[in-house]
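Read the figures in this text as sums done on the coordinates, not as results from a lab. Here the structure is a predicted model, which means the values were calculated and not measured. Cβ atoms come from the backbone with ideal geometry, glycine included; neighbour counts cover every protein chain shown.
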Amino acid sequence: MTIQDSINDGTEAARLVPDVLKDRPGQLTPGLCLQGGVAATKIKVVRIQGTAKESTSKTQHCELLEYHEPELNNLETWRTNHKTGLWVQIQGLADLKKIDVALTKLGINNELIPFLTSTPQPSQIKLYGSSVLIVLHQLSVTTQNRTRLESSQIVLLLNEGILVSVEEGSEEAICQSILDLIRKNASQKDFAQLDNIMYYIVDEILDSYPPIFQQLSDYLDELEEHALRSQSPKILSQLSIIRSNLRKCRQQLIALQTDLIPLFHASHDLITPVASRGFRDVEKLVVRLLEFESSARQQISTVNETYMASASHQMNQIMKILAIVSTIFTPLTFIAGVYGMNFAHMPELEHRNGYQLSLLSMAALAISMVLLLWHRGWISMPRLSRR
């Protein structure tokens, strides 16, 4: 199977089709509405090189050199410097030609380039020869609509001495937090390894899932309280959307869980033992996230059962009222039907006070029925006390 076939191999259910960047309305998320919904392309290069320079407090084992929008010809020069590790950050997919040129200068295999620029792709971790490819989705819930799940695809490619990260959006929060982490731990040499940086990015992305599950759980609590007060069909619609969002999260996590196992079991030259232990921790995190997702799905079932029970109770109350009214008026209807018959000899019809007596008997019968139903607990009459 070719690499392009692998891209198209993900099932339609595993793709976040409604959340593709170019399909999102521009007003939803700042930074994602540029150039018709596709974020502008920005390239940033971080050169990581070892140094024996002594600082005032501790030895610095790595030095970070950042270049914003560098000359693309410099990429080829830096790539040939084996003493320097390159972390190439690409944000935005508006200028695919620029991205292709940059990846070519970095010596990336032409068959791998579609993996870095195609959207959307299912989450996956693949080993292609001497390269490690990871496709993830940064998920978020919009503030305007707590049931709308948005995704921004992030692709990581690890080659010898080169780490390429391609982000569908233009936000730099993840990469910037990783850079701050490396600077903070510059004295620890392992922090500067490219495979460790790849692990940090994966861990940072997956750390965004628990808040999403928590937000959905809080919203489900609100829906459950609303279901007890009202039986609006909108509740079922919201539950269906949340269930669909959880299904998307689960599909991404299961794909990662399946692909993570061969990653740290394979003796890959680019994955050091330190990074391998990190990816084992990622697998444990994925297992915990799947447990959170399972708990949220159970909560959806609970809310659905609460809604159905509340709706059933309301329907029973309506049927109870109709039954009470029918029970009271059935004997009255019988009396009216008897005296409404057109027989020639009906003594009561000739009685002087027959009309008044029939009304009084109907009223007495109705009151008797009400008292009987109240005595048996069918009707609540708090002002009356049983003796």
Derived scalar couplings ³J(HN,Hα) [the range 278-295; Karplus, 6.51 cos²θ - 1.76 cosθ + 1.60; whole Hz; x for Gly, Pro]
x, 5, 5, 5, 4, 4, 5, 5, 4, 4, 5, 5, 5, 5, 4, 5, 5, 5
Net charge near residue 339 (other residues with Cβ under 13 Å of its Cβ; Lys, Arg +1; Asp, Glu -1) is -2
